[in-house]
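Report on one structure; see the data block that follows.
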Amino acid sequence: YYGGAATAHDRAVTRGTARGCGSWPERAQQWRSRAVDQLLDPAARPAAIGPKVSDYGTALRWLDAERSNLLACADYAAAHGDGPRLIRLAGALSAYLAHAGLWDQAMSTHAAACDAAERSGDWLGHACSLANLGWVKYLTGDIAGATQALDEARGLYPAMGEGLDEAAVLVNAGTGRSLTGDFPSATAVLDEPP
């Protein structure tokens with residue numbers, strides 16, 4: 001239930017953030033929704049039950065109200081070795097945790113998802129979790145940590161043929177390098193074809 005509901009609310013938060021700040025073009029919104037959808041095994045998707053999501057404000061209020069339950073579900077999945085559920089929930093909560101500035105929760109949830117995906121051999125889940133972890137590290141000023149996580153994710157995507165996901169990671173990795181003043185490396189990363 002929480003995995004499906006969080007995914008639905010994630011879409012509304014992502015769309016609302018895009019409209020609110022003008023920084024996410026429509027193509028990026030589609031990529032974000034597709035990236036989360038890829039982590040959801042159709043057989044494991046819950047039935048369409050729960051609150052209906054109509055707009056950004058409604059989604060944000062629901063996520064705020066359910067935050068402790070959502071994070072408890074992620075913690076429970078991590079503690080009980082339910083890697084697939086943890087990976088999906090972490091992906092669905094990524095935009096919200098960053099938007100709300102819940103840095104500690106975002107770091108621990110994405111790090112746990114990275115570990116679970118690596119242990120289970122879920123390379124798409126691992127790449128997506130690393131990309132999410134790298135983004136949070138970037139937002140918190142840990143540029144070296146962000147670069148490391150993003151570079152690791154970048155190395156996983158080509159074998160899976162996930163060019164759009166790889167392109168998003170390349171942009172973040174290049175931006176991080178430019179912030180450290182390493183412009184030649186930033187240019188090289190940003191010039192790489194996905």
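Structure data summary
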read-out	value
Segments 77-89, 128-140 sorted - mean Cβ within 10 Å per residue, highest first	128-140, 77-89
Length released on extending from TYR1 to SER178, taking residue separation times 0.36 nm less the Cα-Cα span	59.6 nm
In order through the stretch 113-126: 3J(HN,Hα) via Karplus (6.51 cos²θ - 1.76 cosθ + 1.60), integer Hz, x for Gly, Pro	5, 4, 4, 5, 5, 5, 4, 8, x, 7, 6, 5, x, 5
Overall form of the stretch 123-189 per C-alpha gyration tensor (a/c, 1.5; a/b vs b/c)	oblate
Rounded FRET efficiency, nearest 0.05, which uses the C-beta distance separating ALA144 from THR58 and R0 of 35 Å	0.35
Stretchable slack from SER185 to ASP104, in nm (0.36 nm times residue separation minus alpha-carbon distance)	26.2 nm
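Taken together, the values in this text are just the output of simple stated rules run on the coordinates, not laboratory data. Note that this is a predicted model, so its numbers are computed, not measured. Backbone-built Cβ (ideal geometry, glycine too); neighbour counts: all protein chains shown.
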